[in-house]
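What follows is one structure encoded as structure tokens, with my remarks underneath.
The values are calculated or read from the model by the stated rules, or taken from the named source; none is laboratory data. Everything numeric here is computed off the predicted structure, so don't read it as measured data. Here the Cβ positions follow ideal geometry from the backbone for every residue, glycine too, while neighbour counts run over all protein chains shown.
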Amino acid sequence: MKKIENIRKNYNLETLRKSDLSNSPIKQFESWFNDIINNKDIIEPTAVNLSTYDVSNGINSRVVLLKGLTKEGFIFYTNYNSLKATQIENNENVHLCFFWPVLQRQVRVKGSAIKISENLSSKYFQSRPRKSKIAAWTSEQSMIIKSRLDLDSRFLYYENKFKDKKIPKPESWGGYKVIPNSMEFWQGRENRLHDRFLYLKQNKKWIIKRLAP
């Protein structure tokens, strides 16, 4: 096996200057995200690492999928009985980290996660593939289960229950919107002298600061 300490990549694709940036971090994200979704080499363009914290469970991180972007923030969906939802209920402060190595870019978001409306959650739920809807009913997310067989049996049960019927959104399933209070844009550069810019909200306005790499 190759020595881990010798694995490295020198970043040299692009530069990032303050003059390149939008006054709004959401608009800047949209600009970068358009580059991502139009890049055929990126397998899962909406993947983002979500970190949550509460006293009982400590820090937990996992990859979720971005399913909406508004001028206020970032939307993802989950089971409201899951560990992530439990932690958000106890502490709304969360962190998102997008990493797109193909373009040598990273975006970090600190903010507050709030539930979106039932109407918006239901509207999105109905847009999902039928078997994804059944899976939402099947999985008691984050709970310990006996076996894969039990999970498959539950899926079959709900598949039969909703046969030839419209599948409603489970009450325990829905969306969160992460409203940022800071966002960092990171562009890889040669010799680890990366370009980093931090947006901070002060008095309802965004200010931009360059950070040392």
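Using the structure shown, decide if residue 182 is part of a loop (DSSP other than H, G, I, E, B), within 28 Å of residue 100 (Cβ to Cβ), among the small types (Gly, Ala, Ser) and touching a residue at least 24 places away in the same chain (Cβ under 8 Å).
Numbers: part of a loop (DSSP other than H, G, I, E, B): no; within 28 Å of residue 100 (Cβ to Cβ): yes; among the small types (Gly, Ala, Ser): yes; touching a residue at least 24 places away in the same chain (Cβ under 8 Å): yes.
In short, no.
Step by step: first the residues of segment 174-194, then only those that are farther than 24 Å from residue 114 by Cβ and crowded, with 20+ Cβ neighbours inside 10 Å, then the one that is farthest from the chain's Cα centre (by Cα). Which residue is that?
Among them, the one singled out is 188.
Test residue 56 against the criterion of being loosely packed, with under 12 Cβ neighbours inside 10 Å, assigned to a helix (DSSP H, G or I) and of a type outside the set (A, V, I, L, M, F, W, C), and give yes or no. Outline the logic, then answer.
On the way: loosely packed, with under 12 Cβ neighbours inside 10 Å: yes; assigned to a helix (DSSP H, G or I): no; of a type outside the set (A, V, I, L, M, F, W, C): yes.
It is false that residue 56 is loosely packed, with under 12 Cβ neighbours inside 10 Å, assigned to a helix (DSSP H, G or I) and of a type outside the set (A, V, I, L, M, F, W, C).
Could you check how many residues of segment 92-145 are more than 19 Å from the chain's Cα centre (by Cα), of a type in the set (D, E, K, R) and either exposed (fewer than 14 other Cβ atoms within 10 Å of the Cβ) or modelled with pLDDT of 95 or more (or both)?
5
Identify the residue in segment 197-213 that is touching a strand residue (DSSP E or B) at 6+ places or on another chain (Cβ under 9 Å) and without any contact (Cβ under 8 Å) to a residue 24 or more places away in the chain and, among all such residues, is surrounded by the fewest Cβ atoms within 10 Å (Cβ to Cβ). Let's see the steps before the verdict.
Within segment 197-213, the first condition is being touching a strand residue (DSSP E or B) at 6+ places or on another chain (Cβ under 9 Å), and the residues that meet it are 197-201, 206-213.
Within this subset, residues satisfying the condition of being without any contact (Cβ under 8 Å) to a residue 24 or more places away in the chain are 198, 200-201, 207, 209, 212.
Values: 198: 16, 200: 15, 201: 15, 207: 11, 209: 11, 212: 6.
Within segment 197-213, the match that is surrounded by the fewest Cβ atoms within 10 Å (Cβ to Cβ) is 212.
Just to be sure, is residue 55 within 15 Å of the chain's Cα centre (by Cα) and at negative phi?
Values: within 15 Å of the chain's Cα centre (by Cα): no; at negative phi: yes.
No: the conditions fail for residue 55.
If residue 78 satisfies every condition in (1) under 30 Å from residue 205 (Cα atoms); (2) modelled with pLDDT of 95 or more; (3) within 17 Å of the chain's Cα centre (by Cα); (4) among the β-branched types (Val, Ile, Thr) but one, which is the exception?
Of the numbered conditions (1) under 30 Å from residue 205 (Cα atoms); (2) modelled with pLDDT of 95 or more; (3) within 17 Å of the chain's Cα centre (by Cα); (4) among the β-branched types (Val, Ile, Thr), the odd one out for residue 78 is (1).
I'd like to know if segment 73-80 contains one or more residues that are of a type in the set (Ser, Thr, Tyr), closer than 23 Å to residue 144 by Cα and either exposed (fewer than 14 other Cβ atoms within 10 Å of the Cβ) or free of Cβ contacts under 8 Å to residues at least 24 places away in the same chain (or both).
First, the residues of segment 73-80 that are of a type in the set (Ser, Thr, Tyr): 77-78, 80.
Okay, now just the ones that are also closer than 23 Å to residue 144 by Cα, so 77-78, 80.
Still in the list and also either exposed (fewer than 14 other Cβ atoms within 10 Å of the Cβ) or free of Cβ contacts under 8 Å to residues at least 24 places away in the same chain (or both): none.
No - not one qualifying residue is present in segment 73-80.
Would you confirm whether or not segment 122-145 contains a residue that is hydroxyl-bearing (Ser, Thr, Tyr) and in contact (Cβ under 8 Å) with a residue 60 or more places away in the chain? Give the steps one after another, and end with the answer.
Step one: filter segment 122-145 for residues hydroxyl-bearing (Ser, Thr, Tyr), giving 122, 124, 127, 132, 138-139, 142.
Next, from what is left, pick out any that are in contact (Cβ under 8 Å) with a residue 60 or more places away in the chain: 139, 142.
Checking segment 122-145: at least one residue is hydroxyl-bearing (Ser, Thr, Tyr) and in contact (Cβ under 8 Å) with a residue 60 or more places away in the chain.
Within segment 1-27, track down each residue that is closer than 23 Å to residue 192 by Cα, touching a Phe, Trp or Tyr at 6+ places or on another chain (Cβ under 8 Å) and surrounded by 14 or more Cβ atoms within 10 Å (Cβ to Cβ). Steps first, answer last, please.
So the first thing to find is which residues in segment 1-27 are closer than 23 Å to residue 192 by Cα, and the list is 2-21.
Next, only the ones that are touching a Phe, Trp or Tyr at 6+ places or on another chain (Cβ under 8 Å) stay: 16, 18, 21.
Once the filter is applied, which keeps residues that are closer than 23 Å to residue 192 by Cα, touching a Phe, Trp or Tyr at 6+ places or on another chain (Cβ under 8 Å) and surrounded by 14 or more Cβ atoms within 10 Å (Cβ to Cβ), segment 1-27 yields 16, 21.
I'd like the residue in segment 146-171 that is touching a residue at least 24 places away in the same chain (Cβ under 8 Å) and touching a Ser or Thr at 6+ places or on another chain (Cβ under 6 Å) and, out of all such residues, is farthest from residue 82 (Cα to Cα).
Among those that are touching a residue at least 24 places away in the same chain (Cβ under 8 Å) and touching a Ser or Thr at 6+ places or on another chain (Cβ under 6 Å), it is 158.
Which is at pLDDT 95 or above, under 30 Å from residue 101 (Cα atoms) and touching an Asp or Glu at 6+ places or on another chain (Cβ under 7 Å), of 198, 193?
Working: 193 fails: touching an Asp or Glu at 6+ places or on another chain (Cβ under 7 Å).
Unique residue meeting the criteria: 198.
In the set 149, 156, 83, which member is surrounded by 15 or more Cβ atoms within 10 Å (Cβ to Cβ), over 25 Å from residue 28 (Cα atoms) and not charged (D, E, K, R)? Please lay out each step first, then the result.
Working: 149 fails: surrounded by 15 or more Cβ atoms within 10 Å (Cβ to Cβ); 156 fails: surrounded by 15 or more Cβ atoms within 10 Å (Cβ to Cβ).
Within the list 149, 156, 83, the selection yields 83.
Restrict the check to segment 69-76 and report whether at least one residue is of a type in the set (Val, Ile, Thr) and outside any loop (DSSP other than H, G, I, E, B).
At the first step, the residues of segment 69-76 found to be of a type in the set (Val, Ile, Thr) are 70, 75.
Keeping just the survivors that are outside any loop (DSSP other than H, G, I, E, B) gives 75.
Looking through segment 69-76, at least one residue is of a type in the set (Val, Ile, Thr) and outside any loop (DSSP other than H, G, I, E, B).
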